[in-house]
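Chemist: The structure is given below, and queries will be raised subsequently.
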Amino acid sequence: MSSLTSKRILLGVTGGIAAYKSAELIRRLRDAGAEVQVVMTTAAQEFITPLTLQALSGNLVHTDLLDPKAEAGMGHIQLARWADLLLVAPATADFIARVSQGMANDLLTSICLATSAPMAIAPAMNQGMWHKGATQDNLDVLQNRGVFMDLIQAHKLAVKLVWDECWMWMIWSPLLRICF
Ligand SMILES: Cc1cc2nc3c(=O)[nH]c(=O)nc-3n(C[C@H](O)[C@H](O)[C@H](O)COP(=O)(O)O)c2cc1C
């Protein structure tokens, strides 16, 4: 498949149990022709290693905001400018809360605030977190700002009606909407 040929996808990985799915996602994006750079939160690195995602993406994984060496290389502003699409998958409740409030307290949220690229998120959390008014309000905020997401599929994922099919669909549907 070459549907994403030459698309530059900045993949944000946050610290939920579904972080292990990002390995497969990177493979699929690259198979579809995309170039992939990965940014991981600190929590995400507890679920899957940067080394794994580096090997799969073919690029150094970005993890630090306040690191002079990293900033002298491809820093947060360059990453924000590089992206054709910022895709955060999985997106934790905590990440969704931070980004909906315009926070920039780590590398990923700083890029979210700095980029002018379209943004898509694949929320993934348990149903307690999902149903909380705060989470739903935060998702509304992001949706009203034009962030792509599929709330029906995210709901199914939260209540465990489906898992693999839902996950892949959530990821591909915003990409397809944006890129074609
Ligand atoms: C075993 C375990 C699994 C977790 N899974 C999720 C999850 O699926 N979704 C979620 O929103 N938070 C989950 N959390 C909580 C997040 O790790 C926590 O909110 C963290 O601060 C998220 O940080 P980040 O958004 O910067 O990656 C989990 C925590 C643990 C200990």
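The values are calculated or read from the model by the stated rules, or taken from the named source; none is laboratory data. These figures come from a predicted structure and were not determined experimentally. Positions of Cβ are generated from backbone atoms using ideal geometry, with glycine treated the same way; all protein chains shown enter the neighbour counts.
Chemist: Can you name the residue in segment 55-106 that is of a type in the set (D, E, K, R) and free of Cβ contacts under 8 Å to residues at least 60 places away in the same chain and is also surrounded by the fewest Cβ atoms within 10 Å (Cβ to Cβ) among such residues?
Modeler: Lys69
Chemist: Scan segment 65-74 and tell me whether some residue there is modelled with pLDDT under 95, of a type outside the set (Ser, Thr, Tyr), within 25 Å of Glu24 (Cα to Cα) and more than 11 Å from the ligand (Cβ to nearest atom).
Modeler: There is at least one residue in segment 65-74 that is modelled with pLDDT under 95, of a type outside the set (Ser, Thr, Tyr), within 25 Å of Glu24 (Cα to Cα) and more than 11 Å from the ligand (Cβ to nearest atom).
Chemist: Starting from residues that are within 16 Å of the ligand (Cβ to nearest atom) and polar (S, T, N, Q), keep the ones in segment 1-54 and report whichever is farthest from Ala80 (Cα to Cα).
Modeler: Thr49
Chemist: For a quick check of your reading: which helices (runs of 4 or more DSSP H) sit entirely within segment 121-180 and have at least 3 residues that are closer than 15 Å to Ala91 by Cβ and of a type outside the set (D, E, K, R)?
Modeler: On the way: elements: 127-131, 133-144, 151-158, 164-179.
Once the helices (runs of 4 or more DSSP H) in segment 121-180 are filtered for at least 3 residues that are closer than 15 Å to Ala91 by Cβ and of a type outside the set (D, E, K, R), what remains is 133-144, 151-158, 164-179.
Chemist: Could you tell me whether segment 2-24 includes any residue that is outside any helix (DSSP H, G or I), more than 19 Å from Ile121 (Cα to Cα) and of a type in the set (A, V, I, L, M, F, W, C)?
Modeler: No, because not a single residue in segment 2-24 is outside any helix (DSSP H, G or I), more than 19 Å from Ile121 (Cα to Cα) and of a type in the set (A, V, I, L, M, F, W, C).
Chemist: Still on this model: Are there any pairs with C-beta distances below 8 angstrom linking a residue in segment 18-37 that is surrounded by fewer than 16 Cβ atoms within 10 Å (Cβ to Cβ) to a residue that is of a type in the set (Lys, Arg), with the two at least 6 apart or on different chains, and if so which?
Modeler: Close Cβ pairs satisfying both conditions: Gly33/Lys7.
Chemist: Then there's this: If you go through segment 81-115 one residue at a time, how many are more than 9 Å from the ligand (Cβ to nearest atom) and in a strand (DSSP E or B)?
Modeler: The total comes to 5.
Chemist: Here's another thing I want to ask about it. Every residue in segment 26-55 that is within 16 Å of the chain's Cα centre (by Cα) and among the hydrophobic types (A, V, I, L, M, F, W, C), please.
Modeler: Ile26, Leu29, Ala34, Val36, Val38, Val39, Met40, Ala43, Ala44, Phe47, Ile48, Leu53
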